[in-house]
Amino acid sequence: MKKYRKAMKEYIAKLNQYPDFAADAMAMNFAWQSHDAEVLAKLNADFNVSSIAIGETDVEKAMALMAHVQKELFCVGEQISPQDNTYAIMSARKTGALFCNYHATVLADMLLSIGIAAMKVACTPKDFDCDRHVAVVAYMRELQKWVFFDPTFNTYFFDQENMPLSVFEIREQYKTSKPVSFKPIEINKQWALVMSGLVCETYDEWYRIYMAKNSFRFKFQDELVVNPIGYNTKNEYDA
């Protein structure tokens, strides 16, 4: 436990070394591009998206789709690398393990197909370590903000009022060193979960430190990298 706390403290210190983002980044005021309505309508029909996205609100629909994507794509086995589009990914599902980027592609496309603005986000550590995490941010109209959804683990972060959080709000929670809250990860532990040289007992324990590492800066659509103010270093993640 001491080693776990030490690792968390080190990642949180990196967040606090560069604590602030520009106001427009925090508000996620990004120009939103239109998407081909015909293509999205076909994807909706081909994968029965509307019938899966059950709910009265955007949040409920997003959570239903997130759970569906995780269920459909989760597979234990050798890593596979299909083309990065929903049709190729869904055709290859259950034939091997898929990286997080593929889960995010499918969820973003499905959200778009029901009229919810969504895009992938690469959550990146301060230092290059050959690992970052890709998930989805989607605009929840009832909340009037972009919310983080992680289809690889079927989880999202929330605050003390149970309100789902954006990536910037998640980072803010980590900075305070207070326990972060996210939907428990319901994956059977079938292998050793190692993070920063530590063997974690549960997925929740592993994910908590994993996202502390990967919440330093973010990369969105169109190669838009959002760094905290004062951090201008480039590495292999920016290639």
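Every read-out reported here was derived from the displayed coordinates using simple, explicitly stated rules and does not represent laboratory data. None of the values given here were measured: they were computed from a predicted structure. Counting neighbours? That spans all protein chains shown, and the Cβs are built from the backbone with ideal geometry, glycine included.
For this structure, a couple of remarks:
- Overall, the anisotropy analysis places the stretch 104-239 in the rounded class: the square-rooted eigenvalues a ≥ b ≥ c of its C-alpha gyration tensor yield a/c less than 1.5.
- Residue of C100, C123, C200 that the Gaussian network model of the chain assigns the largest fluctuation, springs spanning Cα pairs under 10 Å: C200
- Three-way shape call for the stretch 1-111 based on the alpha-carbon gyration tensor, with the a/c threshold at 1.5: oblate
- Approximating the spin labels as points 7 Å out from Cα along Cα→Cβ, the A64-to-D204 distance works out to 2.7 nm.
- Helix 100-113 axis, angle to the chain major axis (alpha carbon atoms, nearest 10°): 50
- 0 to 90° range, to nearest 10: angle between helix 58-73 axis and the chain longest Cα axis: 90
- Here the stretch 202-239 is scanned for amide nitrogen atoms under 19 Å from the site 7 Å beyond the Cα of A23 along Cα-to-Cβ, giving 227-230.
- DSSP beta bridges in the stretch 1-156 [antiparallel fraction, %, rounded to 5]: 85
- Neighbourhood charge, 10 Å Cβ-Cβ cut-off, centred on L73 and excluding it, Lys, Arg +1 and Asp, Glu -1: +2
- Here is the list for the stretch 1-77: GluC sites (Glu not before Pro) lying in DSSP coil, each with at most 14 other C-beta atoms within 10 angstrom of its C-beta, are E56.
- Separation of the alpha carbons by more than 31 angstrom is noted, of K126/K178; K2/K183; K94/K213; K183/K234, for K183/K234.
- Trypsin sites (Lys or Arg not before Pro) restricted to the stretch 141-239 and DSSP loop, no more than 15 other C-beta within 10 Å: R141, K189, K234
- In degrees, nearest ten, helix 2-17 long axis to first principal axis of the chain (Cα): 80
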